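Below: one structure, written as structure tokens.
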Amino acid sequence: MFQMLCYSPLALDIPSIRRQFPILSQRIGAYPLVYLDNAATTQKPKTVLDAMTHFYETSNANPHRGLYPLADRATQAYEDARSRVATFIHATRPEEIVFTKSTTESINIIAKCWGRTLRAGDVIALSVLEHHSNIVPWLQLKEERGIDIAWIDADGTGRLNMETLEKILGEKHVKLLSLSALSNVLGTAPPLQDIIAMAHRAQCLVLLDAAQAVAHHPIDVRELDADFLAFSSHKLYGPTGIGVLWGRERLLDAMPPMLGGGMMIDEVDCDHFTFAEIPQRFEGGTPPVADAVGLHAAIDWLTQFPWQEIEMHERSLLTTAQNELSKIEGLSILGGTSQERSGSLSFTLDGIHPHDLAELLGQRGICVRAGHHCAQPLHRHFAAPASTRLSVALYNTEEEIFALAAAIQEILPPFR
Amino acid sequence: MDLYAENILDHFRHPHRKAALTRHSVELQEKNPSCGDSLTLMLRMKKNTIEDVGWEGEGCAISQASMSILADALIGKTIEAAQALSPKDILAMLGVEVGPRRLKCALLSLHALRNALRKFQNLPPTPWREVLPNA
Ligand SMILES: Cc1ncc(COP(=O)(O)O)c(C=O)c1O
């Protein structure tokens, strides 16, 4: 509410931003498309689509392999993308950026390659806010190596219990804390800087799952003093099929590769191989070059807008959503209303299952997510088997939020 | 026809046979973990015939209405007849057009029924892919 009052004259030109997204102009039957499932994946601006097409039309070749000019261009495009990602998250050097398939693969690389040195009894700490892709790789390690997982609980608003964290760090030798930088269900962020400092005092490394945070807030891995960070291009206005793993150089350097194949090796003979330097060591096989070009374009596109403006716009959308949804009888927002929410907001509604609600909203052109959003422990924490989630992006408008609230009011009566 | 036709909403609001059976021959739970739908089906058998049906559950209107409608249809059926029920039969009972998105919701009841009958006969459960028609 307050934020809206101090909207600066430089405020974003949303209609013009919307026009840059070809998909947003379509209609679903008689209804305009209202896309509020941005935490699942964002739509892509034309510049991203054009950059990828342009790459395929002018520069496509297998990078790091051919000895002809086209291959040089492909290599250059791929490595430029890496450098762009490095500056985007303030990495010390481009070699600390590993291109993966997704956040999921990035976290799995840490669990499987860095985790190879873990032994029975070693502890990994997670929070109840985590997405399954930041839970299952660790459960696999628990099965395979007998490590222990320590859980940080949360209160009714989704705020992590810092005393539990303190206790876990004090009592056990926690090797790594793997933590979502922004919840994909609640839209709340833990106090990262404090937590990282606490963990480091206990000799514990920190992996940040920035899948959600990356499109909504600036990220500076050096200022945060994180050790590893993972995100996906497709939640950042970029293409699917490419993700990022950032790690401190000395940590990555000590890790063995994940996939064996081309690109990741130095020398191979019939019974022996040596692996390549970072980051190629973790990029076995032909990489997604056009997707890297798309990610590069997406970062360029997003960073043309000041972060403050992005945060202000998205926050005012969620504030409006909270105000409008709170008027609906029997609706409860997971974690309650909060001024500190960004990205996502999830709720339950008496009398109607989220799947029915999402289906009927979908028929009216409104896209929201229903289910547990790959966060079953968090839903158990709130004793809700499922919820409905709306999640915003830069191109969403207040009108869309009003349309959502009005549609819910329309859908409800026959269910009650 | 509209997925949320009056008969579906009727069964959802006022489900038939939604209560635990005090004496049952077999009880089995199936879930749709992806959406949190769950059904617990109880059957009382008399020799080879389903004498009574009860169920408990929670979830979307489609999954719950489907169980409610199927529960009525099961009374007096033999094991063979109940086991022969196909996804097509269930969809016909629902009487609405169920798209691929909601097929699992609509067929959770059949999945539970098949595995309840198998459990009664001491057979191992079948996986989802046996229920979904070429999905
Ligand atoms: C917090 C969080 N972590 C991880 C992921 C997984 O991302 P991806 O599916 O791109 O690997 C998601 C996306 O759903 C997410 O929201």
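The values are calculated or read from the model by the stated rules, or taken from the named source; none is laboratory data. What you see is a predicted model; the values in this text were computed from it and never measured. Methodologically, a virtual Cβ is constructed for each residue, glycine included, from the backbone with ideal geometry; neighbour enumeration extends over all protein chains shown. Surface accessibility is based on the protein's heavy atoms, side chains included, excluding ligands, DNA and RNA. Shrake-Rupley method; radii C 1.70, N 1.55, O 1.52, S 1.80 Å.
Screening region A:211-261 for residues that are closer than 13 Å to A:VAL98 by Cα and among the charged types (D, E, K, R) and picking the one that is farthest from the chain's Cα centre (by Cα) gives A:ASP253.
Of all positions in region B:5-14, none carries a residue that is in contact with a His (Cβ under 8 Å, 6 or more places away or on another chain), not small (Gly, Ala, Ser) and not in a loop (DSSP other than H, G, I, E, B).
All of A:GLU329, A:GLU311, A:GLU340, A:GLU359 fail the test of being closer than 23 Å to A:LEU24 by Cβ, assigned by TED's automatic domain parsing to the domain that holds A:PHE402 and surrounded by fewer than 16 Cβ atoms within 10 Å (Cβ to Cβ), apart from A:GLU311.
Taking region A:343-374 as the range and being assigned to a helix (DSSP H, G or I) and more than 10 Å from chain B (Cβ to nearest Cβ) as the test, only A:LEU361 passes. Could you check, for region A:376-385, whether at least one of its residues is within 30 Å of A:ILE17 (Cα to Cα), away from the ligand (no atom under 16 Å from the Cβ) and open to solvent by less than 20 Å² (accessible area, probe 1.4 Å)? No; the residues of region A:376-385 include none that is within 30 Å of A:ILE17 (Cα to Cα), away from the ligand (no atom under 16 Å from the Cβ) and open to solvent by less than 20 Å² (accessible area, probe 1.4 Å).
Apart from one condition, A:ALA125 fits all of (1) open to solvent by 40 Å² or more (accessible area, probe 1.4 Å); (2) away from the ligand (no atom under 16 Å from the Cβ); (3) farther than 30 Å from A:THR286 by Cα; the exception is (1). The criterion of being within 14 Å of chain B (Cβ to nearest Cβ), in a helix (DSSP H, G or I) and over 24 Å from the mean Cα position of the chain (by Cα) holds for A:GLU410. For region A:266-279, the tally of residues that are surrounded by 18 or more Cβ atoms within 10 Å (Cβ to Cβ) and among the charged types (D, E, K, R) stands at 0.
Out of all the residues in region B:93-135, which are within 14 Å of chain A (Cβ to nearest Cβ), open to solvent by less than 70 Å² (accessible area, probe 1.4 Å) and charged (D, E, K, R)? Passing the criteria: only B:ARG102. The set of residues in region B:19-30 being away from chain A (no Cβ under 14 Å), open to solvent by 20 Å² or more (accessible area, probe 1.4 Å) and either touching a residue at least 40 places away in the same chain (Cβ under 8 Å) or among the aliphatic types (A, V, I, L, M) (or both) consists of B:ALA19, B:ALA20, B:LEU21, B:SER25, B:GLU27, B:LEU28, B:GLU30. Do we find a residue being of a type outside the set (Asp, Glu), within 16 Å of the ligand (Cβ to nearest atom), open to solvent by 10 Å² or more (accessible area, probe 1.4 Å) and assigned to a loop (DSSP other than H, G, I, E, B) anywhere in region A:280-292? Checked region A:280-292: at least one residue is of a type outside the set (Asp, Glu), within 16 Å of the ligand (Cβ to nearest atom), open to solvent by 10 Å² or more (accessible area, probe 1.4 Å) and assigned to a loop (DSSP other than H, G, I, E, B).
Every condition in (1) more than 16 Å from the ligand (Cβ to nearest atom); (2) surrounded by fewer than 23 Cβ atoms within 10 Å (Cβ to Cβ) is met by A:LEU160 except one, and the failing one is (1). When the residues of region A:378-400 are filtered to those that are over 23 Å from A:VAL214 (Cα atoms) and aliphatic (A, V, I, L, M), the one that is farthest from the other protein chains (Cβ to nearest Cβ) is A:ALA383. Out of all the residues in region A:133-157, which are of a type in the set (Gly, Ala, Ser) and surrounded by fewer than 19 Cβ atoms within 10 Å (Cβ to Cβ)? Of everything in region A:133-157, those that are of a type in the set (Gly, Ala, Ser) and surrounded by fewer than 19 Cβ atoms within 10 Å (Cβ to Cβ) turn out to be A:GLY146, A:ALA150, A:GLY156. Within region B:31-61, restricting attention to residues that are part of a strand (DSSP E or B) and aliphatic (A, V, I, L, M), the residue that is farthest from the other protein chains (Cβ to nearest Cβ) is B:MET45. One residue alone among A:HIS54, A:HIS64 is more than 16 Å from the ligand (Cβ to nearest atom), modelled with pLDDT of 95 or more and surrounded by 14 or more Cβ atoms within 10 Å (Cβ to Cβ), and that residue is A:HIS54. Taken as a whole, the condition of being surrounded by 14 or more Cβ atoms within 10 Å (Cβ to Cβ), away from chain B (no Cβ under 14 Å) and within 16 Å of the ligand (Cβ to nearest atom) applies to A:THR103.
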